[in-house]
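The values are calculated or read from the model by the stated rules, or taken from the named source; none is laboratory data. Being a predicted model, the structure only gives us computed values, none of them experimental. For neighbour counting, all protein chains shown are included, and Cβ atoms are generated from backbone atoms with ideal geometry for every residue, glycine included.
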Amino acid sequence: MKNSQITFLERNGEICLRYSENISKSNQGRLRTRRIKQKQVYTYEDKTNPERCIVRLYKKYIDHCPEQTKNFFYLRPLSKPKANIWFTAQPICINNLAATVGKMCTEAGISGFRSNHSLRATAATRLYECGVDEQIISEVTGHRSDAVREY
């Protein structure tokens, strides 16, 4: 994921973020996938709970990133943050990202091994168990086939 894929917009009088997928596992830009519509996801500001508003939090994150970080989303934090810059211009490695997910799950009281993918799979499973239509789950998770049933 890249910061250049996320845009601030105003839709229907509300501030929102739009995530535009470029290339993914199920849409690699080849001839057989040329008719697949580019996935776009919108999230709106939460005025009722500003402390947990993803639009506000993303704005705060971007404000503390160096200017030249358009191609990376997960940046390495500075060991000694400067006044307004908290991150380096280098992305964190996949192992650090996995360790962060594990640490967050442990702190939240979630036991067992957890990774970025297992969180996605768990979300898909919970949605299915709550009766959400498989097509909607596939749209949210990015699955194009019946792979969502594997979860």
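Determine whether LYS103 is assigned to a loop (DSSP other than H, G, I, E, B) and surrounded by fewer than 12 Cβ atoms within 10 Å (Cβ to Cβ).
When the stated conditions are applied, LYS103 does not pass them.
Quick grid of which residues meet (1) of a type in the set (D, E, K, R); (2) at pLDDT below 80; (3) surrounded by 11 or more Cβ atoms within 10 Å (Cβ to Cβ); (4) in contact with a Lys or Arg (Cβ under 7 Å, 6 or more places away or on another chain):
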{"site": "SER111", "(1), (2), (3), (4)": "no, no, no, no"}
{"site": "GLU129", "(1), (2), (3), (4)": "yes, no, no, no"}
{"site": "ASP133", "(1), (2), (3), (4)": "yes, no, no, no"}
{"site": "ARG144", "(1), (2), (3), (4)": "yes, yes, yes, no"}
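Starting from region 77-102, keep only residues that are modelled with pLDDT under 90, then list their pairs with residues that are polar (S, T, N, Q) and loosely packed, with under 11 Cβ neighbours inside 10 Å whose Cβ atoms are within a distance under 7 Å, requiring at least 6 positions of separation or different chains.
Close Cβ pairs (under 7 Å, with a partner that is polar (S, T, N, Q) and loosely packed, with under 11 Cβ neighbours inside 10 Å) amount to ALA89/GLN68.
Quick one: count up the residues across region 64-81 that are touching a strand residue (DSSP E or B) at 6+ places or on another chain (Cβ under 7 Å) and closer than 11 Å to LYS2 by Cβ. Steps first, answer last, please.
Our first condition is that a residue be touching a strand residue (DSSP E or B) at 6+ places or on another chain (Cβ under 7 Å); within region 64-81, this holds for 64-66, 68-69, 72, 74-78.
When the remaining residues are screened for being closer than 11 Å to LYS2 by Cβ, the result is 69, 72, 74.
Adding up the residues that qualify gives 3.
Scanning for something at pLDDT below 90, more than 30 Å from GLU14 (Cα to Cα), assigned to a loop (DSSP other than H, G, I, E, B) and not hydrophobic (A, V, I, L, M, F, W, C), does region 32-55 turn up at least one residue?
Yes: region 32-55 contains one or more residues that are at pLDDT below 90, more than 30 Å from GLU14 (Cα to Cα), assigned to a loop (DSSP other than H, G, I, E, B) and not hydrophobic (A, V, I, L, M, F, W, C).
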